[in-house]
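The values are calculated or read from the model by the stated rules, or taken from the named source; none is laboratory data. No experiment lies behind these values; they were computed from the predicted model shown. All Cβ positions, glycine included, derive from the backbone under ideal geometry; neighbour counts span all protein chains shown.
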Amino acid sequence: MLRNLREYRNLARGLVLGALGVLLIASLGACGKDDPTPTPTPTPKPQAAAPAATPTPVPSLLDSLYAGAKAEGEVIWATTDTEKRTTAIIEGFEQAYPGVKVKLITGTSADLTERLFLEAQANKVSVDVTDPGRDNRVVDQGLAEDLTDIVEELGVDPTTVYSNNRIWLKVGVPHAPICNTKRLSPSEFPKSYEDLADPRFKGEIVVENRLKGFIYLTNLPEYGDSRPGLWPEDRVVDFLSKVKANDLKAQKGNGTVGDLVASGEVSCALEINLSSFENLRAAGAPVDIVPVKVFSVEPVHHFVPKGSPNPNAAKLFAAFLMGPEGKALWTKVRVTSDLGLVQDTDYAKLVKSKGSKIVAPGTEMNDHFKRLTKVYRTAIGIPTG
């Protein structure tokens, strides 16, 4: 019995130990299931971004004009400037825009103006860009093309364009009286505008009939005190009336006026643009400038005529002339420009040697030009109807 009891105890101890083992294993398994530490989730690799689509380039205005100009092949430029002065401009443009040639036509402002109006009336305009002087009929008759797109594209100085961006300032040309040095001895040579009203010059003075030098000599009320040396309108009228009493002769065209003085047919021109004077001196003509205190400045304008034969090339050439490269070339080759006068050019030295100065007009003159033309032509007895 005792043996049986011992065996029973051993059996019971084994059962208890086995049960405890089972419980321990179960407990450990449960602990593994309840572990709060999350299993790390793998971070997905970033996808490579798709390459951005390349936008289709939009051609600029000048690119579009150039494409059209190459198809046209040429631009026809009618100008009052000489072939010598225009060479650098033409070469600069043709280098900038290969495939577009410049065909040059030169002439006097009177000839180019007459040609333009006749062609416009017949709807057969033959030039693309021109500068036939300052003639209000260009504006009044709506002959100039709108260049607003170019003005805005280039950021053109608004003080150099007018008539709703149809006409722009190229350069300024000074005006002054000149006399024949063979007809007049040094002691007889006039020294001021007022001297030219002296009765001793009766029948000896000629003037260009558009009187532009005196129009631009006028000091407008809008200028205030910004342009000292210019004359009030009533002073200009009084002076012209006195010269008229001296049997003043009026002729058409600066070239004609200059030739009359150079040949000695008359002694003096009341005013002439100094581009014409420069040409006379280069040809050896016996002429010199009267040392007046102030030279007035005529703005020389460019525009693209409506109906031009090569409209793309016309606007492209206009853009070149208005832009920085074209302006820089004008300053170099046209020493009678108001830009050139601030530099140490031969022409600037000539003006200074006379003790004179240049006074350029403001853009306000555009609003008075037509009226002053009529007033001053009336003062010298030229019909204005």
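Here's the yes/no breakdown for (1) closer than 16 Å to Lys170 by Cα; (2) in the same structural domain as Ser275 (by TED's automatic domain parsing); (3) surrounded by 21 or more Cβ atoms within 10 Å (Cβ to Cβ); (4) modelled with pLDDT of 95 or more:
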site: Ala67; (1), (2), (3), (4): no, no, no, yes
site: Val75; (1), (2), (3), (4): no, no, yes, yes
site: Thr80; (1), (2), (3), (4): yes, no, yes, no
site: Ala96; (1), (2), (3), (4): no, no, no, yes
site: Leu104; (1), (2), (3), (4): no, no, no, yes
site: Asp111; (1), (2), (3), (4): no, no, no, no
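Every condition in (1) modelled with pLDDT of 90 or more; (2) within 28 Å of Ser263 (Cβ to Cβ); (3) surrounded by 22 or more Cβ atoms within 10 Å (Cβ to Cβ) holds for Val127 except the one numbered (2). Cβ-Cβ under 8 Å, sequence separation 6+ or interchain: first residue in segment 295-316 and not assigned by TED's automatic domain parsing to the domain that holds Leu274 and modelled with pLDDT under 85, partner surrounded by fewer than 24 Cβ atoms within 10 Å (Cβ to Cβ) and of a type in the set (Ser, Thr, Tyr). Which pairs? Pairs that qualify, where the first residue is not assigned by TED's automatic domain parsing to the domain that holds Leu274 and modelled with pLDDT under 85 and the partner is surrounded by fewer than 24 Cβ atoms within 10 Å (Cβ to Cβ) and of a type in the set (Ser, Thr, Tyr): there are none. Remark: pairs (first residue in segment 262-276, farther than 15 Å from Lys252 by Cα and hydrophobic (A, V, I, L, M, F, W, C); second residue in a strand (DSSP E or B) and at pLDDT below 90; Cβ separation under 9 Å; 6+ apart in sequence or on different chains) = Leu274/Val173; Leu274/Pro174; Leu274/His175; Leu274/Phe295.
Listed by first and then second residue, the pairs with beta-carbon distance under 6 Å, at least 6 apart or on different chains, first residue in segment 234-248 and more than 14 Å from Leu217 (Cα to Cα), second of a type in the set (Lys, Arg), are Asn246/Lys202; Asp247/Lys202.
When Ala285 is tested against the conditions (1) part of a strand (DSSP E or B); (2) in contact with a helix residue (DSSP H, G or I) (Cβ under 6 Å, 6 or more places away or on another chain), the lone failure is (1).
Of a type in the set (Val, Ile, Thr), modelled with pLDDT of 90 or more and touching a Ser or Thr at 6+ places or on another chain (Cβ under 9 Å): is that true of Ile289 in this structure? Give the steps one after another, and end with the answer.
On the way: of a type in the set (Val, Ile, Thr): yes; modelled with pLDDT of 90 or more: yes; touching a Ser or Thr at 6+ places or on another chain (Cβ under 9 Å): yes.
Yes; evaluated as a whole, the condition is true for this residue.
Kindly indicate whether Pro158 is without any contact (Cβ under 8 Å) to a residue 24 or more places away in the chain, outside the structural domain of Phe277 (by TED's automatic domain parsing) and either exposed (fewer than 13 other Cβ atoms within 10 Å of the Cβ) or not aromatic (Phe, Trp, Tyr) (or both). Yes; evaluated as a whole, the condition is true for this residue.
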